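Student: Submitted below is the structure of interest, expressed as structure tokens.
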Amino acid sequence: LMDRARAMAADIIAAAPLAIAAIKELIRDTEDLDTEAAFRHMRDGKSPIYKQMLDSEDAIEGPTAFAEKRDPVWKGR
């Protein structure tokens with residue numbers, strides 16, 4: 001179990017920091033909402049960090065790194 005937990009933690013650590021922060025915030029903000037209301041919350045801009053993530057350099061870096069077949073270099077901005 002600990003090996004699997006460490007592997008999952010390593011995957012999370014390797015992800016874009018703004019994306020992880022946005023996911024954490026959205027989970028907290030929408031845990032009491034149904035799926036439709038949660039997506040509406042996200043799309044309607046009620047989560048500032050979600051918008052920040054979408055407008056970030058990292059949002060460009062992810063698809064660029066994928067297209068160039070390289071690991072992304074996350075900057076957290």
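The values are calculated or read from the model by the stated rules, or taken from the named source; none is laboratory data. Remember, it's a predicted structure, so these values are computed and weren't measured experimentally. Cβ atoms come from the backbone with ideal geometry, glycine included; neighbour counts cover every protein chain shown. All accessible areas refer to the heavy atoms of the entire protein, side chains included, with ligands and DNA or RNA removed. Shrake-Rupley method; radii C 1.70, N 1.55, O 1.52, S 1.80 Å.
Student: Counting heavy atoms of the protein chains only and a 1.4 Å probe, report the per residue accessible area for the chain as a whole number of Å². Present the calculation step by step, with values, prior to reporting the outcome.
Tutor: Details: 5990 Å² over 77 residues.
Here the residues of the chain average 78 Å² of exposed surface.
Student: Which of (i) 15.8; (ii) 14.2; (iii) 13.9 is the computed Kirkwood radius over Cα pairs in Å for the structure on display?
Tutor: (iii)
Student: Right, another one. To the nearest 20 Debye, how big is the dipole of the chain about its Cα centre, given +1 on the beta carbon of each Lys and Arg and -1 on that of each Asp and Glu? The partial results should precede the final answer.
Tutor: On the way: 12 positive and 15 negative charges, 39 e Å.
Result for the chain is approximately 180 debye, rounded to the nearest 20.
Student: A further question on this structure: What percent does the relative contact order of the chain come to when contacts are Cα pairs within less than 8 Å and at least six residues apart?
Tutor: Values: 52 pairs, mean separation 26.2, N = 77.
Across the chain, relative contact order equals 34 percent.
Student: Heavy atoms of the protein only, probe of 1.4 Å, neighbouring chains included. What is the accessible area of LYS75 in Å², nearest 10?
Tutor: LYS75 has an accessible surface of roughly 110 Å² with all protein chains in place.
Student: At a 1.4 Å probe, what is the % contribution of carbon and sulfur to the accessible area of segment 11-77? Intermediate values should be presented prior to the final figure.
Tutor: Details: 2900 of 5010 Å².
On segment 11-77, the fraction of accessible area on carbon and sulfur atoms equals 58 percent.
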